[in-house]
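Novice: This is the structure I have questions about; it appears just below.
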Amino acid sequence: MQERYMKGAKSLNSILVDSSEVEYYTYLGPIFEAIQNKQNDYNWLITELNTNWIPDNFLNYFDQYTIYEGYWDPENRYLISGTQLTKLIKDHKIQFIWGVLSGFNKSEKIDINSLDVVPFADGNTAFWEVGVSVQHPKAEIEIICWDSTLTLLISKDQSIVKNFKEYFKEARDLDEYNIKE
């Protein structure tokens, strides 16, 4: 059985919720702008994906993918370069309703069919505890799309979180949010 969650190195965290700054929390275009297009610096493992629609050429963007019971199966896994992810979002304006996007250094080799840790969102109570870290130990950043109601950004790179908070003035520190809630 694969380990579904693993606490890793200390990460910096932010949450975008209850904000008038976004039309859709889980549309990634503004998120990418907020992190100054750093998504292009990573390869992305996408797990637990659910979108508002799937274009006909959807799978053409991915380097690797595993589809089980159709596009909406939460066990599906996808691997995509940051450049292709950006192109997918620009070409189709897809809203990621649910999903965990885990960013890996481009030099990191990832086999989506033999992951020791499979990042997940739905049912993951660790996000609502102080000190949550990126789930996969080799990932540098996570963007969590949470049921279209909020976006979580967890990163080992303080500058990415700082840029996110500067872009979205209503973004909050996740640890502070969790203490107050």
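The values are calculated or read from the model by the stated rules, or taken from the named source; none is laboratory data. This one's a predicted model, so the numbers in the text were calculated from it and none came from an experiment. Counting neighbours? That spans all protein chains shown, and the Cβs are built from the backbone with ideal geometry, glycine included. Please note that ligands, DNA and RNA were not included when accessible areas were found on the heavy atoms of the full protein model with its side chains. Shrake-Rupley method; radii C 1.70, N 1.55, O 1.52, S 1.80 Å.
Novice: Residues in segment 100-144 that are part of a loop (DSSP other than H, G, I, E, B), without any contact (Cβ under 8 Å) to a residue 60 or more places away in the chain and not hydroxyl-bearing (Ser, Thr, Tyr): how many?
Specialist: Residues of segment 100-144 that are part of a loop (DSSP other than H, G, I, E, B), as a first pass: 106-116, 118-124, 129-140.
Filter once more, keeping what is without any contact (Cβ under 8 Å) to a residue 60 or more places away in the chain: 107, 109, 111, 113-114, 123, 129-130, 138.
Next cut, not hydroxyl-bearing (Ser, Thr, Tyr) only: 109, 111, 113, 123, 129-130, 138.
Residues flagged as part of a loop (DSSP other than H, G, I, E, B), without any contact (Cβ under 8 Å) to a residue 60 or more places away in the chain and not hydroxyl-bearing (Ser, Thr, Tyr) within segment 100-144 amount to 7.
Novice: Considering only residues of segment 11-38 that are out of contact with any strand residue (DSSP E or B) (no Cβ under 7 Å at 6 or more places or on another chain) and not in a loop (DSSP other than H, G, I, E, B), which is surrounded by the fewest Cβ atoms within 10 Å (Cβ to Cβ)?
Specialist: Once the filter is applied, the top-ranked residue is 33.
Novice: What is the one condition in (1) in a loop (DSSP other than H, G, I, E, B); (2) open to solvent by 60 Å² or more (accessible area, probe 1.4 Å) that residue 162 does not satisfy?
Specialist: Condition (1) is where residue 162 drops out.
Novice: Scan segment 36-65 for residues that are touching a residue at least 12 places away in the same chain (Cβ under 8 Å), under 20 Å from residue 106 (Cα atoms) and of a type in the set (S, T, N, Q) and jot them down.
Specialist: 36, 37, 39, 40, 43, 47, 64
Novice: Continuing with the same structure: Looking at segment 107-121, which of the residues that are of a type outside the set (A, V, I, L, M, F, W, C) and surrounded by 12 or more Cβ atoms within 10 Å (Cβ to Cβ) is nearest to the chain's Cα centre (by Cα)?
Specialist: 119
Novice: Then there's this: Does segment 51-73 contain at least one residue that is surrounded by 16 or more Cβ atoms within 10 Å (Cβ to Cβ) and assigned to a helix (DSSP H, G or I)?
Specialist: yes
Novice: Return yes when residue 142 is at pLDDT 95 or above, crowded, with 22+ Cβ neighbours inside 10 Å and of a type in the set (D, E, K, R) and no when it is not.
Specialist: It is true that residue 142 is at pLDDT 95 or above, crowded, with 22+ Cβ neighbours inside 10 Å and of a type in the set (D, E, K, R).
Novice: If you don't mind, another one. Which condition number in (1) under 28 Å from residue 52 (Cβ atoms); (2) open to solvent by 10 Å² or more (accessible area, probe 1.4 Å); (3) hydrophobic (A, V, I, L, M, F, W, C) is the one that residue 130 fails?
Specialist: (1)
Novice: Does residue 96 satisfy the criteria of being in a strand (DSSP E or B), among the aromatic types (Phe, Trp, Tyr), under 15 Å from residue 28 (Cβ atoms) and under 12 Å from the mean Cα position of the chain (by Cα)? Walk me through it before giving the result.
Specialist: Numbers: in a strand (DSSP E or B): yes; among the aromatic types (Phe, Trp, Tyr): yes; under 15 Å from residue 28 (Cβ atoms): yes; under 12 Å from the mean Cα position of the chain (by Cα): yes.
So residue 96 passes the test.
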